[in-house]
Amino acid sequence: MTGHATIAESLREEGYRLTPQRMMILAIIYDSEGHLSAEEIHQRVRQQYPFVDISTVYRTLNLLKKLRFITETDLGDECVRYELVDKGRHHHLICRQCGASFALEHELLAPLAPRLLEKYGFAADLDHFAIFGLCQQCRPEGPALAAKKGQQHGDA
Ligand SMILES: [Zn+2]
Ligand SMILES: [Zn+2]
C-alpha cells in the first residue's frame, strides 16, 4: 500500500467518504516534492476533473489539516503552502528582505515542545514552521561579523 493509500484508509476508518476528488488531492500532495499552494493543487486536479472548483480543494485541505495529515504554512509570499506531515519534519528560515529561504532542522525546535508542555500545559504541534528574519547578506552588520564571530569562537 502506498503512502497516500494508507492515509485514505485512515480517512475511511474515521468515517469520511473517499470521493475520487479527495483521493486525487491526497495523491497530488503525496507525490509532490515540495510545498503546494491550493491553486497549484487545484490546477493539477483540473487536469483530470475539469469541473472541480477550488472550494472543494479548500474543503478537502481543511479536512486533511484537521486530521493532521498535512500542514499549512505561510511562507511569506501571501500564499500558504500544504505539505504532508509525515514527509520528514523540517522548518524554514526566510529572509524578509531578499526572500532567501534556508532549511531549519527539526532538532533545533524539538526541545521547545516539552518546555511548552511544562510551562503552559500546552501540547504544541511543531509540524512545520516558517521563521522570518534577516539573512547574513541582508543583516546591517553584514556577513563579515558572523564570520569574525565564528573565528573568535574557533580561537577560544
Ligand atoms: Zn517546508
Ligand atoms: Zn536576505
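Laboratory data are not the source of any read-out in this text; all were calculated from the coordinates shown. A quick note: this is a predicted structure, and the numbers were derived from the prediction, not measured. All Cβ positions, glycine included, derive from the backbone under ideal geometry; neighbour counts span all protein chains shown.
Overview of values
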read-out: Distance cut-off 16 Å, percentage of C-alpha pairs in the stretch 1-85 lying past it; value: 47 percent
read-out: The stretch 88-139 - Kirkwood radius from inverse mean 1/r over Cα pairs (Å); value: 12.1 Å
read-out: Listed residues ARG59, ARG115, ARG81, most fluctuating in the chain (Gaussian network, C-alpha, under 10 Å); value: ARG115
read-out: Among GLU83, GLU39, GLU14: highest mean-square fluctuation, GNM of the chain, C-alpha pairs under 10 Å; value: GLU14
read-out: Values of log10 I(q)/I(0), in the order q = 0.18 Å⁻¹, for the chain under a Debye, Cα-only, solvent-free model; value: -1.14
read-out: Relative contact order of the stretch 1-85, defined on C-alpha pairs under 8 angstrom at six or more residues apart (%); value: 27 percent
read-out: Cut-off 12 Å between beta-carbons: net charge of the residues surrounding THR56, Lys and Arg +1, Asp and Glu -1; value: +2
read-out: Counted charge near GLY15, where neighbours are those whose Cβ lies closer than 15 Å (Asp, Glu -1; Lys, Arg +1); value: +1
read-out: Mean separation of Cα contacts under 8 Å, 6 or more apart, over the residue count of the chain: relative contact order %; value: 16 percent
read-out: Mean Cα-pair separation over length for the stretch 88-139, i.e. relative contact order, pairs under 8 Å, 6 or more apart, %; value: 49 percent
read-out: Of THR73, THR60, THR19, the one that fluctuates the most in a GNM where the chain has Cα springs shorter than 10 Å; value: THR19
read-out: Cut-off 14 Å between beta-carbons: net charge of the residues surrounding PHE132, Lys and Arg +1, Asp and Glu -1; value: -1
